[in-house]
Amino acid sequence: MDRAFRRKLTNGVFVGACGLATIIALAALVLILWSLVKEGVGGIDGKIFTMTQPAPGSPGGLKNAITGSLMMCAAGMAIAVVVGILAGTWLAEYGGQTPYGHAVRFLNDVLLSAPSILIGLFVYEIMVAHLFGHFSGYAGALALALLAVPIVTRTTEDMLALQPNTLREAGMALGAGRGFVIRSIIWKAASAGLLTGGLLGFARISGETAPLLFTSLGNQFFSLDMAQPMASLPTTIFQFALSAYDDWRRLAWVGALLIAVAVLAVNTIGRLLARETHRP
Amino acid sequence: MSTAAIDSFSEARPARAQSALGETIFRTLCFSAATLLMAALAGVVVSLAIGGWPAFHKFGLGFITSTAWNPVTEEYGAAGPIVGTIVTSILALLIALPLALGVSIFLVEFCPKRIARPIAIAVELLAGIPSIVYGMWGLFVLAPWFATHVQLPILMDFDSNSLIGRIFSGVPNGANIFTASLILAIMILPYMAAVFRELLLTVPSQVREAAYGLGSTSFEVVAKVMLPYVGKGTVGVIMLGLGRALGETMAVTFIIGNSHGFPHSLFDSGSTIASTIANEFAEATSDMHTAALIALGLVLFVLTFAVLATARALLAGQKN
């Protein structure tokens, strides 16, 4: 009796502890989102999107930062999607099982989880210190691309591997070459999955700050010239949040809210799409 | 009509030759993209090694063992940030691991299926929040709360010379090693929980049901059957979390206090490798300063690479 009671008690405590851990994790999410909404929503108005960043004390918005972020992310994604889909295709369809393929996959994983600030250092060494001689939007875009490529590659490989072999065989039986089958059958069948890879990559890089600090640097003026230093939402938030001015801090909260909402939305859409693909 | 037949025939040939060429081109393109990935990683390592070489060359082993980090006298010893990185990561791991275990066990074992999915998605959302948002939240919400509700009471109630007073001594502003670890823990929790959940789902239901059939309680099934079953994979999950924590930059930069040198207590300000680079690189005063920061980057890369390689080896062993 005593022993049975002790076992039941242990079990009860254990289940309770597991439940508590879950509640703590959910509470953290709610607390963070709540602070974002509380501090950020009040500051959202037309000026955020139509005015560039202000001097402390005067009205302004985040137009230059938002534009810069969009441009660098778009350019970064353009590179990442091309390289990532091709590399993922090679891993899934051609050489994935060779020793070389295993090596590529391993290094892709390393790149996937390499600290983003190191990618920034690398791009700084190449583009800023040697190629251009100064900070530029292109350098920022390349750093972001390097962060997104491994995600796109990984997702592409996973999604192509999900496609049934009968599809490939059917295509080849009609006389189509391997590359043709991949391009016009497999890619089409996996298109939602490929889009997922792109979206997940986009979600990852749009909130990245560290690799932009010393590649695109930031720019307090509105600029569309990617050969020059370029503003971005995360670096502007960083600068404003650590400043001593209340109105800059308010803008930082608004920026943080915008970025969090955008990233979470893109992430969720990506995951929903992935689920569609998984369904046979 | 015969000419038309000949025409179509003669057209078909170049088309076929073209398609064979196209095949080769496409294959080569795919191969080059994969190779480009490898080149990128190699480039990261090589550029860090070359950029950091002057610092390694000048300070030798002292770069890692000395705590003198002084851009004015051009002396660079990185023991402070290196220790800061390791301490915050391990603390974060200690906080996050029980939570991640709890969450994943709860979702797999105890939670009704209908609410398990929304909860899993919510926890995954936590992973999607950009690190700069964590940083702001830590600086403006967590740190002030921590200072008034944890640090001040401890300062008031304990003599600064007593053991507890020394462990928890520090400026009561909430920006210290411990709060940085707390933020890191929240950040790595979703990753660890997700991987651990996948691991637990690989336990065959027969094994679980057999244990239940013998009259085990849920606790006994989890502790004595499921956890031993996933075994090495657990270590893989831990290393994965550690790898994430080591390289995290922005959130830590906001809240760790950014002072060089050894942290002397749990509530002392400190710095990590990543936060030092983020803070100083754009304003590096001299070539040697830049080189020292890049050398720090290489140290960080080696740390994370070792941890990740171990994690992968252990997780791969589990899946087979």
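The values are calculated or read from the model by the stated rules, or taken from the named source; none is laboratory data. The shown structure was predicted, so the numbers you read here are calculated from the model rather than taken from an experiment. We place every Cβ from the backbone using ideal geometry, glycine too, and count neighbours over all the protein chains shown.
Below are the figures for this structure:
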| item | result |
| --- | --- |
| Counted residues, the range B:288-307 - those being of a type in the set (A, V, I, L, M) and within 7 Å of another protein chain (Cβ to nearest Cβ) | 2 |
| Tally, over the range B:252-296, of residues that are in contact with a Gly (Cβ under 7 Å, 6 or more places away or on another chain) and part of a helix (DSSP H, G or I) | 8 |
| Yes/no for A:F202 being on the phi < 0 side of the Ramachandran plot, in a helix (DSSP H, G or I), buried (at least 24 other Cβ atoms within 10 Å of the Cβ) and in contact with a Cys (Cβ under 8 Å, 6 or more places away or on another chain) | yes |
| Hits in the range B:186-198 - residues which are surrounded by fewer than 24 Cβ atoms within 10 Å (Cβ to Cβ) and more than 11 Å from B:V123 (Cα to Cα) | B:V195, B:R197, B:E198 |
| Residues satisfying the stated conditions in the range B:228-251, i.e. more than 30 Å from B:F63 (Cβ to Cβ), part of a helix (DSSP H, G or I) and of a type outside the set (A, V, I, L, M, F, W, C) | B:P228, B:Y229, B:K232, B:G233, B:T234, B:G236 |
| Test: residue in the range B:302-320 that is in a loop (DSSP other than H, G, I, E, B) and modelled with pLDDT under 90 | yes |
| Hits in the range A:8-49 - residues which are over 20 Å from B:L142 (Cβ atoms), among the β-branched types (V, I, T) and within 9 Å of another protein chain (Cβ to nearest Cβ) | A:T10, A:V13, A:V15, A:T22 |
| Selection count where residues are of a type in the set (D, E, K, R) and within 8 Å of another protein chain (Cβ to nearest Cβ), scope the range A:76-107 | 1 |
| Flag for B:F106 being crowded, with 16+ Cβ neighbours inside 10 Å, within 13 Å of another protein chain (Cβ to nearest Cβ) and assigned to a helix (DSSP H, G or I) | yes |
| Selection within the range A:205-236 - buried (at least 24 other Cβ atoms within 10 Å of the Cβ), small (G, A, S), within 21 Å of A:H130 (Cα to Cα) and more than 9 Å from every other protein chain (Cβ to nearest Cβ) | A:S216 |
| Pairs where the first residue, in the range B:98-123, is of a type in the set (V, I, T) and the second is not in a helix (DSSP H, G or I), C-beta under 9 Å, 6+ apart | B:V108/B:V203; B:I119/B:C111 |
| Scan of the range B:169-224 for residues that are without any contact (Cβ under 8 Å) to a residue 12 or more places away in the chain and not in a helix (DSSP H, G or I), ordered by number | B:P204, B:L214, B:G215, B:S216, B:T217 |
| Residues that are small (G, A, S) and within 14 Å of another protein chain (Cβ to nearest Cβ), drawn from the range A:50-75 | A:A65, A:S69 |
| Which listed residue is at pLDDT 90 or above, on the phi < 0 side of the Ramachandran plot, loosely packed, with under 15 Cβ neighbours inside 10 Å and not β-branched (V, I, T), from B:A20, B:A34, B:A42, B:A4 | B:A42 |
| Qualifying residues in the range A:241-263 (those that are facing chain B (nearest Cβ under 8 Å) and farther than 15 Å from A:S35 by Cβ) - the one surrounded by the most Cβ atoms within 10 Å (Cβ to Cβ) | A:V263 |
| Sole residue being without any contact (Cβ under 8 Å) to a residue 24 or more places away in the chain, assigned to a helix (DSSP H, G or I) and surrounded by 14 or more Cβ atoms within 10 Å (Cβ to Cβ), chosen from A:I79, A:I66, A:I32 | A:I32 |
| Hits in the range A:43-73 - residues which are out of contact with any helix residue (DSSP H, G or I) (no Cβ under 8 Å at 6 or more places or on another chain) and not polar (S, T, N, Q) | A:D45, A:G46, A:K47, A:A55, A:L70 |
| Sole residue being at the interface with chain B (Cβ under 7 Å from one of its Cβ atoms) and among the β-branched types (V, I, T), chosen from A:V128, A:V110, A:V123 | A:V110 |
| Residue selected from the range B:109-133 under the condition under 17 Å from B:F196 (Cβ atoms) and not aliphatic (A, V, I, L, M), by the criterion nearest to the other protein chains (Cβ to nearest Cβ) | B:F110 |
| Any chance B:G165 is within 14 Å of chain A (Cβ to nearest Cβ) and in a helix (DSSP H, G or I) | no |
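Results for (1) modelled with pLDDT under 90; (2) over 23 Å from B:L246 (Cβ atoms); (3) small (G, A, S), shown as yes or no for each residue.
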residue: B:L107; (1), (2), (3): no, yes, no
residue: B:I121; (1), (2), (3): yes, yes, no
residue: B:S131; (1), (2), (3): no, no, yes
residue: B:Q151; (1), (2), (3): yes, yes, no
residue: B:I154; (1), (2), (3): yes, yes, no
residue: B:L163; (1), (2), (3): yes, yes, no
residue: B:I167; (1), (2), (3): yes, yes, no
residue: B:S181; (1), (2), (3): no, no, yes
residue: B:M187; (1), (2), (3): no, no, no
